[in-house]
Amino acid sequence: MANPRVFISSTYYDLKHVRASMDIFIESLGYETVLSEKGNIAYAPDMPLDESCYKEISSTDIFVLIVGGRYGSETSEGDRKKDKEFFDRYESVTKKEFEEANKRDVPTYILIESSVYSEYQTYLRNKKNENISYAHVDSVNIFKFIEKILSLPRNNATKTFEKFSDIESWLREQWAGLFRDLLQRMSEQKKFTELSLDFPAFTRQFLTQNSTLPQT
């Protein structure tokens, strides 16, 4: 039986230690971790590297997004301007990966560094003020990304974290709940199937019992 595949999406250099811990944690559960640095993404020679990442999401079962202080590299569809200013708008690979998972309705879990989320609250109160300096993020696009995530009507379970143990305990709870929900649905489906199979016998019994009713 194939193991569940968990795609980890985040910027790399600022979160590489978290990504490494995620790999160990997920593998300990018997799942398969999909990480670009592990080389388990099939890169197609006829398309940009980031497009291969988006394509890989279609064959994963769970998507985990980790949001830190860096917004990340621009997608291959962008203008590839090297030096981005803080308030420059552009699409990052991480954001596009999230959007691809959301489009495919892959069960998604979002983790946001506590310091970043705190500054996000400051941003919400000062959206039009470009004179504020933010200590924990490198682009205003991070705030806009978080805002978009939180505005979604579904499939956007979100948790802030300070240390990896926060991530591990939350994901354990979430995935245990996901498994329990699956078992309950299977049980309900079994009961429905049994009821459907018994329905003809029930109908015959009802007709037999009521065959002597007076005719009007």
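Details
- Of the residues making up the range 60-100, just one is open to solvent by 60 Å² or more (accessible area, probe 1.4 Å) and among the hydroxyl-bearing types (Ser, Thr, Tyr), namely Ser73.
- Verdict on Ser76 being small (Gly, Ala, Ser), over 16 Å from the mean Cα position of the chain (by Cα) and not in a loop (DSSP other than H, G, I, E, B): no
- Of all residues making up the range 121-143, the number that are in contact with a Lys or Arg (Cβ under 8 Å, 6 or more places away or on another chain) and open to solvent by 20 Å² or more (accessible area, probe 1.4 Å): 1
- Only listed residue being modelled with pLDDT under 95 and under 24 Å from Ile132 (Cβ atoms), chosen from Lys81, Lys95, Lys55: Lys81
- Qualifying residues in the range 5-36 (those that are over 17 Å from Glu168 (Cβ atoms) and more than 19 Å from the chain's Cα centre (by Cα)) - the one surrounded by the most Cβ atoms within 10 Å (Cβ to Cβ): Asp14
- Filtered residues of the range 101-120 (kept if assigned to a helix (DSSP H, G or I) and either open to solvent by 20 Å² or more (accessible area, probe 1.4 Å) or modelled with pLDDT under 95 (or both)): Asn102, Lys103, Ser114, Ser115, Tyr117, Ser118, Glu119
- Look at the range 168-185: where a residue is closer than 17 Å to Phe25 by Cα and a partner is modelled with pLDDT of 95 or more, sitting 6+ places away or on another chain with Cβ atoms under 7 Å, you get Glu168/Phe25; Trp170/Lys159; Leu171/Tyr109; Gln174/Tyr109; Gln174/Ala157.
- Of all the criteria given as (1) open to solvent by 40 Å² or more (accessible area, probe 1.4 Å); (2) at pLDDT 90 or above, the one not satisfied by Ala2 is (2).
The values are calculated or read from the model by the stated rules, or taken from the named source; none is laboratory data. Please read all numbers here as calculations on a predicted model, not as lab measurements. Every residue, glycine among them, receives a Cβ derived from its backbone with ideal geometry; neighbour counts consider all protein chains shown. Ligands, DNA and RNA are excluded from the accessible area calculation, which covers all protein heavy atoms including side chains. Shrake-Rupley method; radii C 1.70, N 1.55, O 1.52, S 1.80 Å.
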